[in-house]
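To start, the structure itself, in structure tokens.
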Amino acid sequence: MKDTLEIRWHGRGGQGAKTAALLLAEVAFKTGKYAQGFPEYGPERMGAPITAYDRISDSEIRVHSNIYDPEFVVVVDETLLEIVDVTAGLKEDGAILINTAKSKEEILPLLKGYKGKVYTVDARKISMETLGKNFPNTPMLAAIVKVTGVIDDETFLNEMEGSFKHKFARKPEVIEGNMQALKVALREVK
Amino acid sequence: MPKKVQMSGNEAVANALRQINPDVFPMFPITPSTEIPQYFANYVSNGLVDTEFITVESEHSSMSAAIGASAAGARALTATSSAGLAFMWEVLGVAASHRVPVVLAAVCRALTGPLNINCDHSDTMGARDSGWIQLYAETNQEAYDNMVMAYRIAEHKDVMLPIMICQDGFITSHAVMNMELLDDDVVKNFVGEYEPEDYLLNPNETYAVGPYAITDYYMESRKAQSHAMENAKQVIKDIAEEFEKISGRKYGLIEEYRMEDAEYAVVIIGSAAGTTKEAIDHMRENGEKVGLIKVRSFRPFPGEEIAASLKKCKAVAIMDRSESFSTNGGPLGAETMQAMYTARCTALTIDIMYGIGGRDVTVDDMINVYDTLKDIAATGETGDVYRYMGLRDKEAK
Amino acid sequence: MGYNFKETMNKPERFAPGHRMCAGCGATITARNVLRGLHEGDKAVISCATGCLNVSSFMYPYVAWEDSYIHSAFENASSTMSGVEGAYKALKKKGKLKEDYKFITFGGDGGTYDIGIQSLSGAMERGTNMTYVCYDNGAYMNTGTQRSSATPMYADTTTTPVGPKCKGKAQYRKDLAAILAAHDIPYVAQTTLLQGFKDMHVKAEKAIYTDGPAFLNVMSPCPTGWKYKADEIMEICKLGVETNYWPLFEVIDGKWILNYEPKKRLPIEEFLRTQGRFKHLFKPENEHLIEEFQKEVDRRWDDLLFKCSR
Amino acid sequence: MAKTDITKLGTDVAWQDVTRGNTVVGCGTTKQFVTGDWTNVAPVIDEEKCKQCLLCVPCCPDSAIPVKDYKRCAIDYDHCKGCGICVKACPFGAIKMEVKKNA
């Protein structure tokens, strides 16, 4: 457990936070790590707040509980900041990553006195520019990779290209946009 | 070469089924097992299997069709959870008494009342006396491995009983984890072709299944069925030994974790065993003599093995993930204590209801359980033998 | 090939003697004669819903069926057979089976109209290549004549016992053949026990050799439940047809076909009078009930004529 | 597998010898079960009057009027339950119910 990195995702049903959490686990797995990715399940439908989790470790992961004291929190939808206690249990030496166009200074008052690091990325803008649609989960995945440093950028991009090629085998035209979304997010997260 | 993958428990089981390529798969969806037939439907659509996939109109019918298919001479299976399993209950008994080696991929979920989709074992525990073999998995890997072994156990001539391959809803079914898939041909060779002795579609001889049995026969039939279940103990172990040769992974009726000198032990089923192992390692670093028995086979119940392993313990907590409303403990508690009594195992023992309806179980929770056992051993006072963990209780001490 | 009665009678018996149905049971007559629709030498698997026919035809270790047979439970005869048919397709596909098989399921009205309608509807909708035969004796006879949704109006049953507050079953019977026809399956037919059994033999053969699901509804009187003397069965069935109570028709690929129209329709009381379960209707104060019954028979007959005229 | 020998499956059979799942290999075993003693009356055919029309055959609920080479054979009294349907089915009045004589 000691060397296990724990990440909690907050999103809304339909935004792809669960998929991003599972993708992060997959990426970590492909770099030789042990990883666990899982959503917290309820009957929530499209739009409802949802939570998903990742554990990443160099040794076998046996714990099957939810995550209460994460090192990192990812907020895929900033409107959740007002309705979900996103920093609950978040370690002070950890960090929170938020999808927003706002600056850190503007966001900070919404974090209930959280003293750890705050990262922002405008995943909506990146997604609109690269994919033409609002799929924030792809840039958010890249941003959390950057923030956590679980994998170096190049390996990450190579791995993702591989999975996109597999996932989008029937519509290869979207691969380029998705790769672009990842690259921009890696660059723009601050 | 086995392939390392990152996969959910449902996808893992579906992959085992793809490799097995069963003959008939009648299905009806229910959360959280739905993904298994859904993955499988894709294999069917893409020609990766040549299974007859029958999209029936209810779980009662999916089990009934599986029984019909198996009696007809095919390798059959279905998948379900919770209310779906409850709806099958009548025909579960028929499958077992007809002695058809049907496989059921059970993804454990709380029974309705109130409606809840999360993990507990009340569905499969409700079917514990239906005459089915039940193997439970801690991880995605185990769910996969158990599925690969399922037909070998069920179809063994000394057994010929249906088998439930159980895993924890969402906790393993929907969580992706690192695991290993065996090569397709390794699984295919391990499982082999099904060659039924007698079956409805045998062109050389007619065959009749499912009679009315008057009192003169019924009890003898039940005993014969029970005897087959007794035989299953050895068969499960034998098949596990063979499986170890292709996978390197060891399985038995139970798994003992750091029990060699354990004074305080937990007996548990399913995914929470992993969380408990984490607690054990943590406590062992502080010199605490704690251990775990994970029950893999609940049917047949390895009472003697469990009791033997607990013989030297000072205090034991049996963890039940389903309420049986006996007011006297849960099913695992009741059966383990019976086995302990028979074996004159005198450890102070409590039975804890936990994780009901998906209530989370943490490492800290399990450390608390061991601390409770230490207190019990120190004072010699068991207190409430039957208790809840993680329950909000106004009268909690 | 035309129908030949003697050829049909000369086929080997597929329902062996020694079963334990009541003397004079209509269900067994139905089962025997439906099986005569099978061509000699063709293989079949039979399944049965729980009921009189099942418990009497396979009492361990005595089985009356000469073909492979399976019973599982009450409500799942159709889904059980779906599995058998699925196995057949799978084994054929995998080259493990060369022989051809036919699949025939029997159920009483309890196992068909009521508890088994879900699995029957499912199997039919999925296009299972099987023939389902309902031996309709209009009540749950295996448990002692409780009313079913196939029980005719005003029948005295053990759950609708006639008394000062009860004139028998209050509702008319469910039209199951129409429900099955609404599944748009290739073959639905209604028949009963008539001299020479040509109607049943021909329909059974058509049903069994239809590619896809087929359904036969067969009025199969029960001497104990209907309260008549066992040897009167053929006369009762004839009156059922001649009064338009039990019309003979087929629905082939959605086309309704009337097979028989009585030259002079007999009044319904001629059918009702034969059975003790309707005895109370013949008390002077209940005459209006027979009128009600007649109205319903006529309404349904007109509806059938309309369907068959399209 | 070989046909089930049901003579070894009497009501005194031990649990070890009950067939697996109470299945029977080789169907039609009811022929070995006598139901002829369920009745004290039985149909008797007047061979003179019988025209071999076979109309009695399909309406027998007990498959007790066998046919061979297009001809009705003797009534199977081991299985006939004496319902009398055949009597009424015969257009030639060739069948009559008679009280069985004590053997």
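Nothing in this text is a laboratory measurement; each read-out follows from the coordinates by a stated rule. Treat the numbers as computed from the prediction; the structure is a model and nothing was measured. With ideal geometry, Cβ positions are generated from the backbone for all residues, glycine too; neighbour counts draw on all protein chains shown.
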Open item on the list: Between residue B:249 and residue A:117, how high is the FRET efficiency from 1/(1 + (r/R0)^6) when r is the Cβ-Cβ distance and R₀ = 60 Å? Nearest 0.05.
Closed with: 0.90
- [ ] Scan around residue C:132 for amide H atoms under 5 Å from its own, H built in the peptide plane at 1.01 Å from N, and keep only partners 5 or more places away or cross-chain.
- [x] C:105, C:214, C:215, C:216
Task: Residues C:69, B:39, C:135, C:3 arranged by fewest to most Cβ contacts within 10 Å - done: C:3, B:39, C:69, C:135
Open item on the list: I need the Kirkwood Rh of the stretch B:232-278: take the reciprocal of the average 1/r across all distinct C-alpha pairs and report it in angstrom.
Closed with: 12.4
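If you take the beta carbon distance between residue C:179 and residue C:143 as r and set R0 to 25 Å, what does 1/(1 + (r/R0)^6) give as a FRET efficiency, to the nearest 0.05? Display every interim value, and only then the final one.
Details: r = 24 Å, r/R0 = 0.94.
E between residue C:179 and residue C:143, to the nearest 0.05, is 0.60.
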Open item on the list: Quick check: the distance between the Cα centres of the stretch D:1-29 and the stretch C:213-256, to the nearest angstrom?
Closed with: 37
Task: Karplus-derived HN-Hα couplings along the stretch D:11-22 (A = 6.51, B = -1.76, C = 1.60, θ = phi - 60°), whole Hz, x at Gly and Pro - done: 6, 9, 5, 7, 4, 5, 9, 5, 5, 4, x, 6
Task: Gyration tensor over alpha-carbon atoms, chain B, equivalent ellipsoid semi-axes in Å - done: 35, 23, 20
Open item on the list: Roughly how far apart, in whole Å, are the Cα centres of the stretch B:362-397 and the stretch A:36-91?
Closed with: 29
Task: Amide proton proximity set for residue C:160, modelled H, under 5 Å, gap of 5+ - done: C:147
- [ ] Scan around residue C:259 for amide H atoms under 5 Å from its own, H built in the peptide plane at 1.01 Å from N, and keep only partners 5 or more places away or cross-chain.
- [x] C:248, C:249, C:250
TODO: At 20 °C and 1.002 mPa s, grab the translational diffusion coefficient of the stretch B:1-91 from Stokes-Einstein with a Kirkwood Rh over Cα pairs, rounded to a whole number in µm² per second.
DONE: 160
- [ ] Counting other beta carbons within 10 Å of each Cβ, put B:17, C:272 in order, fewest first.
- [x] C:272, B:17
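Return the average number of partner chain Cβ atoms within 10 angstrom of each residue Cβ along peptide B:256-264.
On the way: counts 0, 0, 0, 0, 0, 0, 0, 0, 0.
Mean shielding by partner chains, rounded to a whole number: 0.
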- [ ] Divide, for the stretch D:34-103, the radius of gyration over alpha carbons by 2.2 N^0.38 Å, where N is the residue count.
- [x] 1.02
TODO: Using packing as a proxy for protection, rank D:65-72, B:5-12, A:55-62, B:180-187 so that the peptide with the highest average count of other Cβ atoms within 10 Å comes first.
DONE: B:5-12, A:55-62, B:180-187, D:65-72
Task: Phi-based couplings in Hz for the stretch B:196-204 (Karplus 6.51, -1.76, 1.60; Gly and Pro marked x) - done: x, 6, 10, 7, 4, 8, 6, x, 8
TODO: Working from the alpha-carbon coordinates of the protein assembly as shown, get Rg over Rh, Rh being the Kirkwood radius.
DONE: 1.06
Task: Inter-chain Cβ neighbour average for residues C:252-265, partner chain, 10 Å - done: 0
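How much net charge surrounds residue D:54 when only the other residues with a Cβ under 11 Å from the Cβ of residue D:54 are counted, with Lys and Arg +1 and Asp and Glu -1? Don't jump to the answer; show the numbers that get you there.
Numbers: positive: C:6, D:51, D:71, D:72; negative: C:7.
Once positives and negatives cancel, what remains is +3.
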TODO: First select every other residue whose beta carbon is under 13 angstrom from the beta carbon of residue B:76; then total the charges, Lys and Arg +1, Asp and Glu -1.
DONE: -2
Task: Residue-count net charge about residue B:204 - beta-carbon cut-off 14 Å; Lys, Arg +1, Asp, Glu -1 - done: -2
TODO: Take the Cα atoms of the stretch A:29-188, find their three principal axes, and give me the spread along each one in whole Å, biggest first.
DONE: 44, 38, 34
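What FRET efficiency, computed as 1/(1 + (r/R0)^6) with R0 = 45 Å and r the Cβ-Cβ distance, is obtained for residue A:102 and residue A:165, rounded to the nearest 0.05? Each step should come with its number before you reach the end.
Working: r = 35 Å, r/R0 = 0.78.
Approximately 0.80, to the nearest 0.05.
Which whole number in µm²/s is D for the stretch B:254-388 by Stokes-Einstein, with the Kirkwood Rh taken over Cα pairs at 4 °C and 1.567 mPa s? Write down the numbers at each step before the final one.
Numbers: Rh = 14.5 Å.
For these conditions, the coefficient is 90 µm²/s.
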- [ ] For the stretch B:92-97, just list the computed ³J(HN,Hα) in residue order, Karplus coefficients 6.51, -1.76 and 1.60, θ = phi - 60°, integers in Hz, with x standing in for Gly and Pro.
- [x] 4, x, 5, 4, 5, 6
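By average Cβ neighbour count within 10 Å, what is the ranking of B:156-169, C:163-176 from highest down?
Details: B:156-169: 25.3, C:163-176: 15.3.
Ranked from most to least packed, the peptides come out as B:156-169, C:163-176.
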- [ ] Evaluate peptide B:71-81: per residue, the Cβ atoms of other protein chains within 10 Å of its Cβ; return the mean as an integer.
- [x] 5
Task: Computed [θ] at 222 nm, deg cm²/dmol, the protein assembly as shown (DSSP H ≥ 4; -39,500 (n - 2.57); rounded to nearest 500) - done: -10500 deg cm²/dmol
